[in-house]
Structure formats: C-alpha cells, structure tokens
C-alpha cells in the first residue's frame, strides 16, 4: 500500500512541479524537474541505507535484504516520471493569474 502511495505522489509531484515552474516563469525547467525527482527520494533512501547499515553492525534481525533494496531502486527509477510530466507542462500554454502582482523592491 505504501509503495502505491509513493508511486502516485511521484506522478503528482512531477506534474505540479512543472505547472508551478511554468506559472512563475522559470528559466531552467530541466533543473527543477531533476531536483524534484532526486532531492526528496534521495534523502529518504540515504536515511534508509544508514539505518540499515546500523542494523547490520548490530547483527539485527530486522535488516532489510539486499534484493529488497535493489527492488526499491528499480521501483524508484521506473516510477519517477517527473521529467515526462514536467515536459508536458512546459509544452502547454502558461496559465495567467487573475490579478496583477507588483514586485517587492
């Protein structure tokens, strides 16, 4: 169940990231999409590896198996459609905001 939530959040994050970047007239959409795809999941995956390494040093029984870690990496790669969804937004027409906003100087 949690993996399905991870998949859907990855899809939604790519779409919203591209849309917000387009609304705020960003200059480098590819950099934004890569940050969205890599920054948050990389942090949590790194934390998982650190905790798993700690369990390995203590010879714990709740150690995550190597094949499970590899399957998580494969799942992360195949479910991270952030670049594709951001590309969809970049090709669409920009959404105009209903009010004018003055810059703060």
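A few points about this structure:
- Of all the numbered requirements in (1) free of Cβ contacts under 8 Å to residues at least 24 places away in the same chain; (2) closer than 23 Å to residue 91 by Cβ; (3) part of a loop (DSSP other than H, G, I, E, B), residue 25 misses one, and that requirement is (1).
- Residue within segment 46-65 that is at pLDDT 80 or above, over 30 Å from residue 93 (Cβ atoms) and within 15 Å of the chain's Cα centre (by Cα) present: yes
- All conditions but one from (1) in a loop (DSSP other than H, G, I, E, B); (2) surrounded by 14 or more Cβ atoms within 10 Å (Cβ to Cβ) apply to residue 18; the one that does not is (1).
- Residue check for residue 95: touching a helix residue (DSSP H, G or I) at 6+ places or on another chain (Cβ under 9 Å), assigned to a loop (DSSP other than H, G, I, E, B) and modelled with pLDDT under 80: yes
The values are calculated or read from the model by the stated rules, or taken from the named source; none is laboratory data. Just so we're clear, the structure is a prediction, and the values are computed from it rather than from any experiment. Cβ atoms come from the backbone with ideal geometry, glycine included; neighbour counts cover every protein chain shown.
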